[in-house]
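The values are calculated or read from the model by the stated rules, or taken from the named source; none is laboratory data. Only a predicted model underlies this, so the values are computations on that prediction, with no experimental measurement involved. No Cβ is skipped: glycine too gets one built from the backbone with ideal geometry, and neighbour counts run over all protein chains shown.
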Ligand SMILES: [Zn+2]
């Protein structure tokens, strides 16, 4: 199934900027993104392989290769044999999508299906489980995550019909650094005034329940998908609380200091860890990793080369990349997402 094995260095891609009405300019001001001079920009897609968008390698021997082409040609070298990958009609796709979001206005209230439901759609897609890390917030900024206790399909249906959807939603003011985990089936919306890093399954499958009575660029309300949303909502899920972090494991760095890994999410779709202490972390082989640096700076080293990551930059460490380590600089925060391996097998203390 995976005939070609190729050793890769860490790969850096060109970000893909998306303009939506709820965006702003903070991707440039807060994350140093090289946005076009004009316009409202909502999202920077850092690493994506999806029919909607393709990341393209920015430098080095694989420059100009799209992630889709890399996955077509060297799937086993990019994601390894243990990763769960979606097989659509044509090819294997890279399973995760990493993005930054500048939410100047509240996003629509929505829900994503799981993989089983996504597979039944007319254009089959993955389900979507996602996780947010709050990077900055304006005073009073809220997230909507999960339903209030006791909300049933019937009460939610009635609330939507009578314009009272918001009353059914659990919401809170997140702190900077909070992680909010949104498994498929969880009703959610990011509120106004948030800058967020998001890791998600590479899916474009969204059902909108409520759009705050807004109209789109064409002056019309955007379509809602209320029946599909009601079908896929997990009514057992209840209110979602932020993950303030648990230090799962202390790794010993090169110089003997302890480097704490904060495990934010560990689910069957991805693991998300954060490193906020300076030091060197050696990664054991066995999975691919996505790395991004929302604050400060970091360096990725490998047998085939090293790359510096400045604030707002991201990279993919392919499965076949050997001898990789991460150097976290002072006053920095680094997010690392991986898949298909138990975390406690993931890293060798030096
Ligand atoms: Zn979502």
Problem - Selection count, the stretch 120-152, where residues are part of a loop (DSSP other than H, G, I, E, B), more than 13 Å from the ligand (Cβ to nearest atom) and modelled with pLDDT of 95 or more - result: 10
Exercise for the section: Considering only residues that are touching a strand residue (DSSP E or B) at 6+ places or on another chain (Cβ under 8 Å), assigned to a loop (DSSP other than H, G, I, E, B) and modelled with pLDDT under 95, look in the stretch 76-105 and name the one that is farthest from residue 315 (Cα to Cα). Expected result: 85
Problem - Filtered residue count, the stretch 38-48, keeping only those that are under 15 Å from the mean Cα position of the chain (by Cα) and modelled with pLDDT under 95 - result: 0
Handout entry: One residue from 229, 202 being under 19 Å from the mean Cα position of the chain (by Cα) and within 16 Å of the ligand (Cβ to nearest atom)
Key = 202
Practice task
Could you grab me the full set of residues in the stretch 154-177 that are within 19 Å of residue 136 (Cα to Cα) and either away from the ligand (no atom under 16 Å from the Cβ) or modelled with pLDDT under 95 (or both)?
Solution key: 172, 173, 175, 176, 177
Fill in the blank from the handout: Here the residues within the stretch 223-249 that are modelled with pLDDT under 85 and surrounded by 13 or more Cβ atoms within 10 Å (Cβ to Cβ) are 245, 248, 249
